[in-house]
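Below: the structure, in structure tokens.
The values are calculated or read from the model by the stated rules, or taken from the named source; none is laboratory data. Keep in mind that what you see is a predicted model, and the values were worked out from it rather than measured. Glycine also receives a Cβ, built like all others from the backbone with ideal geometry; neighbour counts cover every protein chain displayed. Keep in mind that these areas ignore ligands, DNA and RNA; they rest on the heavy atoms of the full protein, side chains included. Shrake-Rupley method; radii C 1.70, N 1.55, O 1.52, S 1.80 Å.
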Amino acid sequence: MRKTKISTRMYFALSVPLALIAAATVVTYVNTSSVRERAEHARTESYVYASQANQMRLDVVHVQQWLTDISATRGQDGLDDGFDEAGASRQSFLEGAAKFEQMYETENHTESLAALRALRTAFDAYHEQGTRMAKAYIEGGPPAGNKIMGDFDKTAAALSDRLTPFVDQQAA
């Protein structure tokens with residue numbers, strides 16, 4: 001190295017750090033692009049669907065609330081909007097499920113699609129059983145409604161067993 005020209009040695013001494021800086025710049029750019037893509041995915045899809053899953057959980061709570069309200073009041077004294085409100089919450093749940101179904105079909109997620117369909121089936125059973133129970137309370141009072149309450153509780157538990165992992169998966 002002592003026999004090389006000073007200009008060659010200076011060129012070498014400057015080119016090594018410049019090459020390292022260039023390599024670091026490329027690595028930083030690639031990593032930044034990856035982070036940007038993941039952030040955009042989170043903003044446009046992950047957050048949207050996690051919010052939708054939480055709305056669906058809230059819809060389940062609202063169905064129970066409205067059916068319980070009309071059961072307790074037996075639809076008297078103008079407190080007869082429980083079925084309509086529960087129906088609106090049911091519709092909101094089904095619209096959310098349809099959005100997930102479309103996404104799963106587009107992305108060809110067959111396992112998630114099957115789980116979603118099982119969740120929707122459990123929700124339909126829950127809504128149907130809750131409506132049946134509320135009608136029994138209205139028509140026959142507590143003796144008639146109480147007979148159905150146990151079945152409603154079972155369908156609510158079955159729905160919860162499917163809904164909780166679904167919401168948790170979307171949050172993750």
(request) Output the number of residues of the range 58-85 satisfying the condition of being touching a residue at least 24 places away in the same chain (Cβ under 8 Å) and farther than 17 Å from Ser160 by Cβ. (result) 7
(message) Can you find, within the range 130-156, the residue that is farthest from Ser71 (Cα to Cα) among those that are of a type in the set (Gly, Ala, Ser) and surrounded by 13 or more Cβ atoms within 10 Å (Cβ to Cβ)?
(response) Ala156
(request) Take Leu79 and decide whether it is open to solvent by 40 Å² or more (accessible area, probe 1.4 Å) and of a type outside the set (Ser, Thr, Tyr). (result) yes
(message) If I go through the range 100-129 residue by residue, how many of them are part of a helix (DSSP H, G or I) and exposed (fewer than 15 other Cβ atoms within 10 Å of the Cβ)?
(response) 10
